1. Suppose every Lys and Arg Cβ carries +1 and every Asp and Glu Cβ carries -1, with no other charges. What dipole size does the stretch 7-134 come out with about its Cα centre, to the nearest 20 debye?
2. If you average the sequence gap of Cα pairs under 8 Å that are 6 or more apart and divide by the length of the chain, what percent do you get for the contact order?
3. What ³J(HN,Hα) values, in whole Hz, does the Karplus curve 6.51 cos²θ - 1.76 cosθ + 1.60 give for the stretch 16-21 when θ = phi - 60°, with x put for Gly and Pro?
4. Beyond 20 Å, how much of the Cα-Cα pair distribution for the stretch 12-89 remains, as a whole percent?
5. For helix 23-40, what angle does its Cα long axis make with the longest principal axis of the chain, in degrees from 0 to 90 and rounded to 10?
6. So for the stretch 7-134, taking the charge dipole from beta-carbon charges (+1 Lys/Arg, -1 Asp/Glu), which of GLY70, LEU29, HIS51 sits furthest toward the positive end?
7. Mind listing which trypsin sites (Lys or Arg not before Pro) in the stretch 42-95 are in a DSSP loop and have 16 or fewer other Cβ atoms within 10 Å?
8. Treating the angle as unsigned and between 0 and 90°, give the value, to the nearest 10°, between the Cα long axis of helix 85-97 and the longest Cα principal axis of the chain.
Amino acid sequence: MAAFDGIEERILALRRRDRRFARNAYLFLLDALDHTMVRLGKDRKAGEERHVTARELLDGIRDHASEQFGPMAALVFLRWGIRGTADFGEMVFNLVDAGLLSRRAEDSRLDFAGGFEFETAFAQKFDERLTAISHPQTA
């Protein structure tokens, strides 16, 4: 996870202003951002080259959630107050306001809307894994 000074305190203060999303939802989002940056090789970049787009982050969130929670990811998100990808946009901008993330002028909460359907994305990934396990490729 990203190393920020006072991250817990900042998330606590953020949640005093906006209680929609659980503490663990914010921690997961920051962890998914790190996961995304490593996957894209942006963790070794500097300045603007480190920027992750909404689409890139949503792809990383989907992949990371699938790895962490499997087909239960949608239920975990619901438990944390996350009902759709637009909620990740709300969370990102809350983290920007808390000084934990930065943004470009052209970034918008709307960039996160309609990214993917939770039920479909996580069930499909799980089905693909089951198929691979139950029907291994023969050499």
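Coordinate-derived values only; no laboratory data. Note that this is a predicted model, so its numbers are computed, not measured. A quick note on method: Cβ atoms are made from the backbone with ideal geometry, for glycine too, and the neighbour counts reach across all protein chains shown.
1. Values: 21 positive and 22 negative charges, 80 e Å.
Using Cβ point charges on Lys, Arg, Asp and Glu, the stretch 7-134 gives about 380 debye.
2. Worked out over the chain, it gives 26 percent.
3. 5, 7, 9, 8, 4, 10
4. 34
5. Taking Cα atoms only, the helix is inclined about 70 degrees.
6. The residue sitting most towards the positive pole is LEU29.
7. Sites meeting the loop and neighbour criteria: LYS45, ARG83.
8. 30
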